[in-house]
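The values are calculated or read from the model by the stated rules, or taken from the named source; none is laboratory data. Computed from a predicted structure; not experimentally measured. Glycine gets a Cβ as well: all are built from the backbone with ideal geometry, and neighbour counts include every protein chain shown. Accessible surface areas use protein heavy atoms only, side chains included; no ligands, DNA or RNA. Shrake-Rupley method; radii C 1.70, N 1.55, O 1.52, S 1.80 Å.
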Amino acid sequence: MNPSTASTTGSSRQASSDDASLSGGISVLIPGRDERDNLPGLIAEVHAALAGKRYEIIVIDDGSSDDSWRWLKDAALDDSRLRPFHHDTSFGQSTSIWQAARLARGEWLATLDGDGQNDPADLPDMLSLAGLEGLDLVAGHRTERRDDALKRVSSRLANAIRQALLHDDTPDTGCGIKIIRRDVFLRLPYFDHMHRFLPALVRAQGGQVKSLPVRHRERVAGVSKYGFFDRLWVGISDIVGVMWLVRRSRLPSPLQNTSGHAASEALGHMQGIMESTGQGGTDNSGPIPVGMTDGATESGSTDVDDVVLQQPGVR
């Protein structure tokens with residue numbers, strides 16, 4: 001990982017009342033670059049799919065050269081659930097998702113590609129499956145791809161190679177629609193392209209993962225940001241690193257306390273005591289994540305922490 005910089009404004013501080021309103025809810029994370037014509041419809045579909053649920057929508061505009069950022073800033077004025085952020089230059093899908101996860105306030109994270117090919121209507125079924133089976137991650141499986149022949153072939157080949165080497169039991173790990181527990185995601189190691197390997201990374205830490213067939217749609221506007229070599233040859237080099245991480249993981253490694261109880265049970269009991277006395281709970285307001293500033297805090301100085309987001313209306 002190499003240090004990166006971007007011009008900065010922005011704030012990560014959120015009121016505690018906002019955090020409480022999303023307790024047990026879902027944060028929908030949408031990274032996108034030059035997707036101005038796809039974002040309005042996609043965001044409207046998220047609202048329709050999650051009506052009646054606690055949710056927020058975090059869009060990371062990853063260095064777009066079109067009118068995406070201006071539209072997002074205007075849309076956020078009338079949409080209290082929409083939280084847009086912006087990179088001056090592109091830092092990639094994984095970095096955008098990694099940052100958005102730290103800004104999120106929900107218990108669950110949902111990822112969607114900004115091109116509109118994922119259908120947000122699949123999210124309720126994915127959430128239901130996760131709750132019924134106690135899963136940490138549900139990955140979408142595009143059983144009927146709506147892409148051109150070259151894209152389908154390269155994706156299938158890349159998935160086949162990943163499956164053969166990582167044994168992640170996930171037929172379509174490249175599918176953009178996934179849901180994952182936020183606390184589970186935050187324990188994963190960050191690296192560029194990590195979003196392509198979430199099932200393998202979660203399994204390596206003892207997490208429960210399952211795939212669910214989802215809808216897939218044709219791209220109606222814009223152009224794909226990935227080509228054949230992005231999906232295959234670059235992916236192969238990443239697989240080597242993920243194989244190293246997976247093979248050296250010794251998780252889960254159950255602990256027992258002096259009473260013979262699992263350490264997780266003791267931690268859960270202590271958490272309950274702290275929450276009942278007002279000392280516990282999740283604080284999603286700090287520290288300042290990923291090099292963002294709140295007007296009084298300097299950005300970080302190493303690796304991904306130097307990637308700085310802009311937030312509308314904050315100078």
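What is the extension gain from T258 to R217, computed as 0.36 nm multiplied by their sequence separation minus the C-alpha to C-alpha distance, in nm to one decimal?
Roughly 9.3 nm would be gained on extension.
So if I place +1 on the C-beta of Lys and Arg and -1 on the C-beta of Asp and Glu, and nothing else carries charge, what would the dipole magnitude of the range 94-176 be about its Cα centre? I want it in debye, nearest 20.
320 debye
What is the distance, in nm, between label points placed 7 Å from the Cα along the Cα-to-Cβ direction at R248 and at K53?
Taking the two extended label points, one gets 3.7 nm.
Using modelled backbone amide H atoms (1.01 Å from N, in-plane), which distant-in-sequence or interchain residues come within less than 5 Å of S211's amide H?
A139
Long-range amide H contacts for R142: which residues qualify at under 5 Å (H placed 1.01 Å from N, peptide plane, sequence gap of 5 or more or a different chain)?
The answer is V214.
Positive end of the dipole of the range 49-164, charges at C-beta (+1 Lys, Arg; -1 Asp, Glu), about the Cα centre: which of G63, S94, A51 has its Cα farthest in that direction?
So the residue we want is S94.
Got a number for carbon plus sulfur as a percent of the range 79-156's accessible area, 1.4 Å probe?
Reported share for carbon and sulfur atoms: 45 percent.
So what is the accessible area of the range 97-180 per residue, in Å², with the probe set to 1.4 Å?
Computed with neighbouring chains in place, this is 35 Å² per residue.
As an exercise, use a Förster radius of 25 Å and the Cβ-Cβ distance of D183 and D79 to find the FRET efficiency, rounded to the nearest 0.05.
For R0 = 25 Å, the calculated efficiency reads 0.40.
For the peptides 109-121, 131-143, 243-255, what is the packing order when you average, over each peptide's residues, the other Cβ atoms within 10 Å and list the highest mean first?
The most tightly packed comes first, giving 109-121, 131-143, 243-255.
Which residues in the range 161-182 place their backbone N less than 12 Å from a point set 7 Å from the Cα of I236 along the Cα-to-Cβ direction?
Flagged as within label range: 161-162.
Using a Förster distance of 35 Å, how high is the FRET efficiency between E133 and D37, based on the Cβ-Cβ distance and rounded to 0.05?
Once the sixth-power term is evaluated, E becomes 0.40.
Pull out the extension gain between R70 and E107, defined as 0.36 nm times the separation in residues minus the alpha carbon to alpha carbon distance; nm, one decimal.
Contour length minus Cα-Cα distance gives 10.4 nm.
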